[in-house]
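Right, one structure below, let's go through it.
The values are calculated or read from the model by the stated rules, or taken from the named source; none is laboratory data. These figures come from a predicted structure and were not determined experimentally. Heads up, the Cβs are rebuilt from the backbone with ideal geometry, glycines too, and the neighbour counts pull from every protein chain shown. To get the accessible areas, we keep the full protein, side chains included, count just its heavy atoms, and leave off ligands, DNA and RNA. Shrake-Rupley method; radii C 1.70, N 1.55, O 1.52, S 1.80 Å.
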Amino acid sequence: MYQTHSQREFAIEFQPQIHILRPSIHSRRANIVVKFQDLYGFTVEGNVDDVNILNEVREKVRQQGRVWWALEASKGANWYLQPQVSSLTEGIALKSSLKLSNLTNAITLKRLIRKGIPPVLRPKVWFSLSGAAKKKSTVPESYYSDLTKAVEGKVTAATKQIDHDLPRTFPGHPWLDTPEGHSALRRVLVGYSFRDSDVGYCQGLNYVAALLLLVMKTEEDAFWMLAVLLENVLVSDCYTNNLSGCHVEQRVFQDLLVKKCPRIATQLEELEFDVSLVATEWFLCLFSKSLPSEVGLPLSLSCALSLS
């Protein structure tokens with residue numbers, strides 16, 4: 001049928017408009033999956049927003065690192081490892097003869113630790129301030145080597161469970177999930193199981209020891225860090241048979257939840273949800289399975305050091 005010019009204009013003007021629905025920027029970004037290796041060799045998978053958050057964390061770590069380097073330039077290299085300074089972070093009572101400069105350095109150090117220790121300094125700072133270096137100094141130099149040789153080939157309930165858990169500890173990691181990584185982790189865990197028969201081995205320690213191996217770089221330092229964590233830093237009996245220390249942590253956590261986040265606590269209570277169902281793993285693994293490795297264990301240990 002022939003249409004006049006005015007009819008065609010009318011048809012075009014009143015033609016229904018079909019809106020093309022395009023996903024928003026946020027939804028498109030959420031659907032973009034990014035994979036990369038983090039600082040400790042773990043494969044991280046997330047969307048663009050996740051990556052941006054991690055980059056923000058890394059930038060804050062870099063900024064904090066510049067503060068540490070500036071203090072090293074002004075106070076001298078390894079100023080934070082001086083006995084007078086590190087002893088204060090361990091809670092030793094002040095003496096009247098203590099220099100004001102040492103007290104100032106100790107206060108500065110606590111603030112720095114709470115804001116984050118640069119990755120390159122973590123092995124040195126952790127080992128000294130945690131008390132691991134002091135604990136190691138009380139035994140012969142060959143203690144760890146002699147211990148691992150003495151227990152080699154021995155079979156106990158602890159060693160059987162350790163062997164069972166090795167391949168399940170961060171599977172796919174480029175070093176931990178290799179024969180070399182398994183051997184190093186096994187020596188640390190088996191060695192400590194014989195050092196402290198009350199603890200022996202508890203599931204969760206494999207993840208803590210694995211990350212300590214990645215951070216501390218040497219097997220022996222990782223062993224002593226594990227020892228000082230269990231014997232001096234963490235709540236007593238966290239990893240014994242009855243997990244009594246872990247139960248104490250759960251109760252404190254629940255009290256803090258009521259105090260700091262009352263709405264969440266009320267909601268969980270209405271749902272009759274037992275927080276320990278998820279929180280037990282958090283505390284036994286020191287958040288190593290719950291948070292990205294770049295912030296998980298470093299955050300837990302740094303907090304422990306600053307509060308010790």
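Of note:
- Considering the stretch 234-258, and only residues there that are closer than 25 Å to Gln161 by Cα and among the aliphatic types (A, V, I, L, M), the residue that is nearest to the chain's Cα centre (by Cα) turns out to be Leu234.
- Against the numbered list (1) of a type in the set (Gly, Ala, Ser); (2) modelled with pLDDT of 85 or more; (3) open to solvent by 60 Å² or more (accessible area, probe 1.4 Å), Gly41 comes up short only at (3).
- Of the listed requirements (1) among the hydroxyl-bearing types (Ser, Thr, Tyr); (2) within 21 Å of Lys135 (Cβ to Cβ); (3) modelled with pLDDT under 95, Ser244 misses just one: (2).
- Scanning the stretch 208-237 for residues that are of a type outside the set (A, V, I, L, M) and buried (at least 24 other Cβ atoms within 10 Å of the Cβ) gives Phe223, Trp224.
- Of all residues in the stretch 184-207, those that are open to solvent by less than 10 Å² (accessible area, probe 1.4 Å) have Cβ atoms under 7 Å from Cβ atoms of residues that are at pLDDT below 95 and hydroxyl-bearing (Ser, Thr, Tyr), 6 or more apart or on another chain, in Leu205/Tyr239.
Here's the yes/no breakdown for (1) out of contact with any strand residue (DSSP E or B) (no Cβ under 7 Å at 6 or more places or on another chain); (2) outside any helix (DSSP H, G or I); (3) over 28 Å from Lys154 (Cβ atoms):
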{"position": "Val190", "(1), (2), (3)": "yes, no, no"}
{"position": "Ala209", "(1), (2), (3)": "yes, no, no"}
{"position": "Leu212", "(1), (2), (3)": "yes, no, no"}
{"position": "Phe223", "(1), (2), (3)": "yes, no, no"}
{"position": "Val235", "(1), (2), (3)": "yes, yes, yes"}
{"position": "Gly245", "(1), (2), (3)": "yes, no, no"}
{"position": "Leu257", "(1), (2), (3)": "yes, no, yes"}
